[in-house]
Number of protein chains: 2
Amino acid sequence: MSEATPTTRDGSASARIAEAVRRAILSGEYQPGERIVQEELAERHGGSRIPVREALRQLESEGLVRLVANTGAWVQSLTMGQCSEVYQTRERLEPLLLRHSAEHLTDEVIQSLDGLAQRMENSQDLEEFLELDRQFHFTTYRAEGTHVLRDLVTRLWNTTQPYRRAYTGLVDAEHMRIFHDDHHMLVSALRDGDMKLAEQIVAIHIRRTRVNLERHPEIFPHTTPDQE
Amino acid sequence: MSEATPTTRDGSASARIAEAVRRAILSGEYQPGERIVQEELAERHGGSRIPVREALRQLESEGLVRLVANTGAWVQSLTMGQCSEVYQTRERLEPLLLRHSAEHLTDEVIQSLDGLAQRMENSQDLEEFLELDRQFHFTTYRAEGTHVLRDLVTRLWNTTQPYRRAYTGLVDAEHMRIFHDDHHMLVSALRDGDMKLAEQIVAIHIRRTRVNLERHPEIFPHTTPDQE
DNA sequence: ACAGGTCATAATGGATGCAATCAGTCCACT
DNA sequence: AGTGGACTGATTGCATCCATTATGACCTGT
């Protein structure tokens, strides 16, 4: 947005554009199903369409964008089934990632987790809430040297972010209470060094969210039957 | 062999080139750490560098290629730790994928699994063996409508293929016997409809392979310490 | 009025050409 | 002889231009 500087200096333009579009999708600025026009992006970033196209290819591989040859690009939209699949995948992977992170969860880190959980309870803004939630969980995923798994989990979060946003907007007080309790229980388990319990809590937390999501099919527009 | 590609269905040049390079990496024609020159690829496919660059971006996102700005592209090489990580991920995901595939595993499919397992035991050629192994497992991953998880697993297989090749080349007769037994046990469990057991077998099968891989650090050259 | 077909517009896909950057080599200097 | 720096060849990054394709409007015919 404020990146109007036409510097050819730092990293490549395609990387910058990919980053910008990714952020726009995650922030809700672009919504699932929305058309992405190459030239518009090129103009916005002060370049030609070449780096834009490379960025879109990359985002397609990340699952954030859908490309159709000779036709165009759209922000990827998921069916409820696909979204559920991602959550089932997360349910299996994030406990594993948490386990690998165990040794890096110092008292200091756990302290900041406590702070994040508190701020979430006080948060009134949807976007802030989503950001805090993400920060909270990824703070527990500190595994160093293991980039593969964390990058994978990051992508899974990214592709489902629009639906997490939509769902969070209409969750009731009771479920929100449970949501926060999960977080506090997770912090307690980590503080006690009970990783076995911590893994279970994460898995249940993700599963609970998935089940709740599946109760809101209205979040997933069934407009595009052919989704590849 | 035609089922192993997660690419889009369009026939654009960049998709074709990505497919070709992917296949070259999986077949061992390109080896980890090997330099990839854009112009060479462009010439080989009778085009310009533009689609080549898009293909490389895509392959980078898939974890098969490593790009460095203004410098070049290399076939991605993994450390033993990263490879192990992928196997741990597979150990969690493939049982889940298998479970989702249960309803599609008809008698006919199980019959073909039996055939594949047999052909593997008789196979003397390394490349054929690898291909049959891949076909065997992906034949069990028939989940329809669930493309997310299967594509993910496909990518995990792809990124570790070179090391699977290197390892398979120096496995002894005893381990090979166990390897085949796993396959036969899996077919039996599927034939009995005992999905719980089948999931366990797959998990153990993957774990066993990982542990064996970790006994062969010589497969992983430690030449590139800075791996992003 | 509706169905079918034709054409114009717009957006994408790709080729060529030029500027920027990196790697290796050679040379000067200590 | 070893070290540091400039130069050159090679390669990547990007912009401009042209070809191709899809989409939607318009028109014609029934």
Legend entry - Only Lys, Arg (+1) and Asp, Glu (-1) charged, at Cβ; the stretch A:1-156 dipole about Cα centre in debye: 660
Inset, instruction - Would you mind checking which residues have amide H under 5 Å from A:I36's amide H? H placed 1.01 Å from N; only 5 or more apart, or other chain. - result: A:A73, A:W74, A:V75
Inset, instruction - Quick one: give the max-minus-min coordinate of the C-alpha atoms of the stretch B:3-146 along each principal axis, largest first, in Å. - result: 52, 36, 32
Inset, instruction - Using a cut-off of under 17 Å, list every residue of the stretch B:114-129 whose amide N is near the label point 7 Å from the Cα of B:L197 along the Cα-to-beta-carbon line. - result: B:114
Inset, instruction - Please identify, among A:M80, A:M120, A:M176, the residue showing maximal mean-square fluctuation in a Gaussian network model of chain A using a 10 angstrom Cα cutoff. - result: A:M176
Legend entry - Distances in nm from A:K196 to the matching label points in the other copies, shortest first (labels 7 Å along Cα to Cβ): 2.0
Inset, instruction - Take B:T79, B:T159 and sort them by solvent-accessible surface of the protein heavy atoms, 1.4 Å probe, largest at the top. - result: B:T79, B:T159
Legend entry - Inter-copy separations for A:M185, label at 7 Å along Cα-Cβ, nm, ascending: 3.4
Legend entry - Positive-end residue, the stretch B:80-219 charge dipole about Cα centroid, Cβ charges, pick of B:H184, B:N212, B:T89: B:T89
Inset, instruction - Over the stretch A:80-219, with every protein chain in place, what whole percent of the accessible area is carbon and sulfur at 1.4 Å, could you tell me? - result: 49
Legend entry - Long-range amide H partners of B:V65 with built H, under 5 Å: B:E60, B:Q76
Legend entry - Length gained when the stretch A:H147-A:E19 is fully extended (0.36 nm per residue, less Cα-Cα span): 44.3 nm
Inset, instruction - Put a label point 7 Å from Cα along the Cβ direction on A:N70, then list its distances to the equivalent points in the other copies in nm, shortest first. - result: 3.9
Inset, instruction - Taking all protein chains together and a probe of 1.4 Å, list A:D125, A:D182 from the most accessible to the least accessible. - result: A:D125, A:D182
Legend entry - Solvent-accessible ranking of A:S27, A:S61, largest area first, probe 1.4 Å: A:S27, A:S61
Legend entry - Cα gyration tensor shape of the stretch B:13-75, rounded if a/c is under 1.5, else prolate or oblate by comparing a/b with b/c: rounded
Legend entry - Accessible area in square angstrom per residue, the protein assembly as shown, 1.4 angstrom probe: 48
Inset, instruction - Considering Cα pairs under 8 angstrom that are at least six residues apart, work out the relative contact order of chain B and quote it in whole percent. - result: 24
Inset, instruction - Give me the accessible area of B:L152, 1.4 Å probe, in Å² rounded to the nearest 10. - result: 20
Inset, instruction - Quick one: accessible surface of B:E214, probe radius 1.4 Å, all protein chains present, in square angstrom to the nearest 10. - result: 70
Inset, instruction - Determine which residues of the stretch A:57-73 fall in the zone a paramagnetic label at A:E39 would reach in this model, i.e. backbone nitrogen under 15 Å from the point 7 Å along Cα→Cβ. - result: A:71-73
Inset, instruction - Taking only the C-alpha atoms, wrap a convex hull around the protein assembly as shown and report its volume per residue in Å³ as a whole number. - result: 164
Legend entry - Value at 222 nm in deg cm²/dmol, rounded to 500, when DSSP H runs of n ≥ 4 in the protein assembly as shown each add -39,500 (n - 2.57): -22000 deg cm²/dmol
Inset, instruction - Counting other Cβ atoms within 10 Å, keep those with at most 11, restrict to DSSP loop, and tell me which trypsin sites (Lys or Arg not before Pro) in the stretch A:135-228 are left. - result: A:R215
Legend entry - Area accessible to solvent at A:W74, 1.4 Å probe radius, in Å²: 60
Inset, instruction - Consider a paramagnetic label point 7 Å from the Cα of A:R177 along Cα→Cβ; state which residues of the stretch A:123-140 have an amide N under 18 Å from it. - result: A:123
Legend entry - the stretch A:80-219 - Rg over Rh from alpha carbon coordinates, Kirkwood radius: 0.94
Inset, instruction - Multiply the residue gap between A:E121 and A:E218 by 0.36 nm, knock off their C-alpha separation, and tell me the result in nm, one decimal place. - result: 32.3 nm
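The values are calculated or read from the model by the stated rules, or taken from the named source; none is laboratory data. Note that the structure is predicted; figures quoted are calculated from it, not measured. Glycine gets a Cβ as well: all are built from the backbone with ideal geometry, and neighbour counts include every protein chain shown. Only protein heavy atoms, including side chains, enter the accessible area calculation; ligands, DNA and RNA are left aside. Shrake-Rupley method; radii C 1.70, N 1.55, O 1.52, S 1.80 Å.
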